[in-house]
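I have placed the structure first, in the form of structure tokens, so that the comments after it can refer back to it.
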Amino acid sequence: MNLPAPAFEVLPRDLSAYRAGNTGIPYVHRFASGRPGPHVLVNALTHGNELCGMVAASHLLDQGVRPRIGTLTVSFANVAAYESFDIERPFDSRQLVHNLNRVWSSPQLEGDDDSPELRRARELRPVVAAADHILDLHSTSQDVEPFWVYPAFARNAEVALAIGRPAVHLVMPRGLGSGTPVIEHGRHGDAASDAGAALVAECGQHFRQASADAAVAVTLDFLAHFGLIAPRPRAERPPQRRFELLQTYVIRSPEFRFARPVIGFETFAGGERVATDGAEELRAPEDCTILMPAREPIPGREGFYLARRLAA
């Protein structure tokens, strides 16, 4: 696909000081206020090269942020992948074996398969299950504007719209279709449960300072929304743009190619060719927008999402 190399404004830092945590689970820190209130989990590094989450989680710990009410948990998830970072191949540290953000179903967590990601998910399972509200911090391979991703439950939309940034929402009415993410684990994947909000914030390109800044801002906004920290000054709320996920395509062959250059948020007319995968032509099912296009054709990994625009 011959995409240019990224600019590195943020690079990994040594996280060994955070390893011990205070929960008995490496890289997991929990702070209880002693006052009634929600339990909020801020989760970083679900993918090892998504550095904005590392910056935001480190910020909370380095600045001694403590909840005024309820409980705050801060987690660095896939540190093993993070520590494999090589600036010559910066996208390879996304994962070691499995995508840690697709293994959160009971069959996978309770099955016989093994990998560093599955072991870590099993270790983190009680951390995720204990949280009322989850903010999972991510970033994108391409330099596009930040956006929320969440199951199409009213409780998620209400929080994302109330916070107001990012101003773009990707709503999943039927899940991702390529596995179970952190934010759909257990009760958080059940529309009828008493769970709180569980949201992904895609904060921008992996290695940009603006993405790290966005991750810090959305994290503090999230904590303030639930009352764990003092209210934050609010800028004017930008117009909200909402998209509904129609399709997740998983690459089948190394010959996968897009029909034209894409980085995300390009539109395709119904029936227009989006990509080819070997001899197969992949066409838009209706007028739609592409999100999260792959940088390179790796069979078994997601190639793109297609989404339709919704009323705000």
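Values in this text are rule-based calculations from the coordinates and carry no lab data. Computed from a prediction, not measured in an experiment: that's the story for all the values here. Heads up, the Cβs are rebuilt from the backbone with ideal geometry, glycines too, and the neighbour counts pull from every protein chain shown.
At R0 = 41 Å, how high is the FRET efficiency between E280 and A130 if r is their beta carbon distance? Nearest 0.05 is fine.
0.40
Exposure proxy check: E236, E281 ranked by fewest other beta carbons within 10 Å?
By the 10 Å Cβ count, ascending: E236, E281.
Amide H to amide H under 5 Å from R283: which residues, 5+ apart in sequence or cross-chain, H placed 1.01 Å off N in plane?
Under 5 Å from the amide H of R283 lie the amide H atoms of V274, each far enough along the sequence or on another chain.
At A7 and D112, where each label point lies 7 Å from the Cα along Cα→Cβ, what is the point-to-point distance in nanometres?
5.2
Which of the listed residues, V79, G48, L170, is farthest toward the dipole's positive end in the chain, when Lys, Arg count +1 and Asp, Glu count -1 at the beta-carbon?
Selected residue: L170.
For segment 16-225, take the alpha-carbon Rg, divide it by the Kirkwood Rh, and send me Rg/Rh.
Looking at segment 16-225, the ratio lands at 0.93.
Where is the GNM fluctuation largest for the chain (alpha-carbon springs, 10 angstrom cutoff): L118, L199, L15?
L15
How large is the dipole of the chain about the Cα centre if only Lys and Arg carry +1 and Asp and Glu carry -1, each at its Cβ, rounded to the nearest 20 debye?
860
Taking 0.36 nm per residue of separation and subtracting the Cα-Cα distance, what length does fully extending D213 through A191 add?
Fully extending the segment from D213 to A191 adds 4.7 nm.
Could you give each residue of segment 83-97 its phi-based ³J(HN,Hα) in whole Hz, using Karplus coefficients 6.51, -1.76, 1.60 with θ = phi - 60°, and x for Gly or Pro?
So the Karplus estimates, Gly and Pro as x, are 6, 8, 4, 10, 4, 6, 9, x, 8, 6, 7, 4, 7, 8, 10 Hz.
Name the long-range amide H neighbours of T180: under 5 Å, sequence gap of 5 or more, or other chain; modelled H, no Pro or chain starts.
V103, W104, S105
Exposure proxy check: M54, M292 ranked by fewest other beta carbons within 10 Å?
Sorted ascending by nearby Cβ count, the order is M292, M54.
Remind me, relative contact order of the chain in percent, using alpha carbon pairs under 8 angstrom and six or more residues apart?
Relative CO of the chain lands at 18 percent.
Two decimals is fine: what's Rg over Rh for segment 1-94, C-alpha atoms, Kirkwood radius as Rh?
1.06
From the C-alpha gyration tensor of segment 174-293, pull out the three semi-axes of the equivalent ellipsoid (sqrt of 5λ each), sorted largest to smallest, in whole Å.
33, 19, 14
Within a 10 angstrom radius of the beta carbon, how do F8, F226, F256 rank from fewest other beta carbons to most?
Least crowded to most crowded, the residues run F8, F226, F256.
Provide the per-residue ³J(HN,Hα) series for segment 119-129, in order, calculated from phi with Karplus coefficients 6.51, -1.76, 1.60 and θ = phi - 60°, each as a whole number of Hz, with x at glycine and proline positions.
Karplus-based 3J(HN,Hα) across segment 119-129 equals 5, 5, 4, 5, 5, 8, 3, x, 5, 5, 5 Hz.
Springs between alpha-carbon pairs under 10 angstrom, Gaussian network model over the chain: which of R260, R174, R122 fluctuates most?
Result: R260 has the largest fluctuation of those listed.
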